Amino acid sequence: EHGITRPKGYNVSFHYNPDMEKHHFGMTHPMKPWRLTLTKSLVSAYGMNFAMDNYTARAATYEELTSYHASDYVDHLATVAPQPQPLDVENPNPDLKFNLGGSDCPLFEGLYNYCSLSGGASLDAARKLCSNQSDIAIAWGGGLHHAKKAEASGFCYINDIVLGILQLLRIHARVLYIDIDVHHGDGVEEAFFSTDRVMTVSFHKYDPLNFFPGTGALEDNGPKSEHNPGAHHAINVPLNDGINDEQYKWLFETIIQRVVDKFRPGAIALQCGADSLAGDRLGKFNLLVQGHSSCVEFCKKLGLPLILFGGGGYTPKNVARAWAYETAIAIGHQDDIPSQIPIHTPWRDRFKIDSLLPTIQQILGEPRQNRNTQKKLTEIVQHVTEQLRFVGA
Ligand code: ZLV
Ligand code: CA
Ligand code: ZN
């Protein structure tokens, strides 16, 4: 007996397609679709599937993909031949059409299928919220926030988040987008740059010359022209290496509460990129699953329709822990699931440590130096508060 029961009068849907993991970006590429299998295996081992509606996501159609993306770009994605692996060492980034085929966005076998499955899951999740069949809809295979209208970028080809938000905008006057991936959510910010119906808030490491994508400064808040409705509707929270749970939770809750009070969204889209966790292969923060997931818990408590997307996350065992624990929060079982990874979990040995919520010492030994001062964090909150004076709903 697992004891994981369905929350009464509250519906959570889980949108996933196991075919996503059949796709490989290449041996040395940090993006590992297999992390989704590891996540699903942990979610199932805890018996969480008994407390949710589980859907095998379908592939998004051409018409759905072109509801945001340029048709010549989608046509190219659908027909382009996979490039030989590995890349030519002499010329790793040859003439890139739509930024495809370089080392960040390789052309692998089945790419179009992979993109359509990620988009299909996010669209299904958004539609479950629109039809009131779900209170929280989860799409861990989505969250690919760098993809542009006619260009691939940073491991992202199709912006499933934009597709999902466009669905939410059919029902809701205003949608709040929040992004806790360690990278700036530039693609989503750009898509809704000129509208006051979507407010975007990204928390990220900001180091323009050394960290991808280099955008997302505190002062970048949307179009500079006051006549453009999108002015003041982009919020950026630039951070340095080593931020901890306590600081992140304080920043997140202070900023999001003020944003919600002023903007009054009808729904929230939360990108839960797990590369902001301590021990990530690309990220350099000191967040534990507890700090990361406190963002999900806070958003849930706001009581608005909520869609949870995946995103980055390059140490699969940590990604699976975070997204499984965040699934537990969605169904309200975070306090009654065992703190040990269940013994029958497939690939249990991949987790290395038995605990679902390891300490910073277990993950890193010594935590990374924290380069965020309280003074800087206070300045950020002050700047955001000033921006919000221009936002009224
Ligand atoms: O987590 O990449 O730095 C959402 C997400 O936000 C770059 N790319 C660009 C700019 C110059 N290039 C470097 C090219 C690197 C190509 C291969 C790697 C291979 C091994 C290890 C690390 C990387 C890598 N690439 C690290 N950072 C990059 C970024 C892209 C980051 C995308 C984050 C995506 C899913
Ligand atoms: Ca972010
Ligand atoms: Zn990322």
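Structure above, values below:
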| item | result |
| --- | --- |
| Single residue of segment 277-305 satisfying the filter (within 16 Å of ligand 3 (Cβ to nearest atom) and part of a helix (DSSP H, G or I)) that is surrounded by the most Cβ atoms within 10 Å (Cβ to Cβ) | His292 |
| Counted residues, segment 141-159 - those being within 14 Å of Gln271 (Cβ to Cβ) and either part of a loop (DSSP other than H, G, I, E, B) or in contact with a strand residue (DSSP E or B) (Cβ under 8 Å, 6 or more places away or on another chain) (or both) | 10 |
| Unique residue being in a loop (DSSP other than H, G, I, E, B), at positive phi and either within 13 Å of ligand 2 (Cβ to nearest atom) or among the β-branched types (Val, Ile, Thr) (or both) when the list is Gly216, Gly222 | Gly216 |
| Selected residue [over 27 Å from Leu304 (Cβ atoms) and either modelled with pLDDT under 95 or assigned to a helix (DSSP H, G or I) (or both)] from Pro92, Pro106 | Pro92 |
| Answer residue from segment 176-206, given it is more than 14 Å from ligand 1 (Cβ to nearest atom) and in a loop (DSSP other than H, G, I, E, B) and is surrounded by the fewest Cβ atoms within 10 Å (Cβ to Cβ) among those | Ser194 |
| Of residues in segment 311-324 being crowded, with 24+ Cβ neighbours inside 10 Å and assigned to a loop (DSSP other than H, G, I, E, B), the one farthest from ligand 2 (Cβ to nearest atom) | Gly313 |
| For Leu209: the one exception among (1) of a type in the set (A, V, I, L, M); (2) over 21 Å from His145 (Cα atoms); (3) part of a loop (DSSP other than H, G, I, E, B) | (2) |
| Among (1) more than 18 Å from the chain's Cα centre (by Cα); (2) farther than 13 Å from Val175 by Cα; (3) of a type in the set (A, V, I, L, M), the one test that Leu277 misses | (1) |
| Segment 143-175: number of residues that are more than 10 Å from ligand 1 (Cβ to nearest atom) and either surrounded by 24 or more Cβ atoms within 10 Å (Cβ to Cβ) or not basic (Lys, Arg) (or both) | 20 |
| Residue list for segment 95-137, filter: of a type in the set (Lys, Arg) and either in contact (Cβ under 8 Å) with a residue 24 or more places away in the chain or in contact with a Phe, Trp or Tyr (Cβ under 8 Å, 6 or more places away or on another chain) (or both) | Arg127, Lys128 |
| From Ala126, Ala121, Ala191, Ala150, residue being within 16 Å of ligand 2 (Cβ to nearest atom) and not hydroxyl-bearing (Ser, Thr, Tyr) | Ala191 |
| Selection status of Leu308, out of contact with any His (no Cβ under 6 Å at 6 or more places or on another chain), outside any helix (DSSP H, G or I) and within 16 Å of ligand 2 (Cβ to nearest atom) | yes |
| Single match in Ile138, Ile165 (criterion: part of a strand (DSSP E or B) and under 22 Å from Ala330 (Cα atoms)) | Ile138 |
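The values are calculated or read from the model by the stated rules, or taken from the named source; none is laboratory data. What you are looking at is a predicted structure, and each value in this text was computed from that prediction instead of being measured. Cβ: placed from backbone, ideal geometry, glycine included. Neighbour counts: every protein chain shown.
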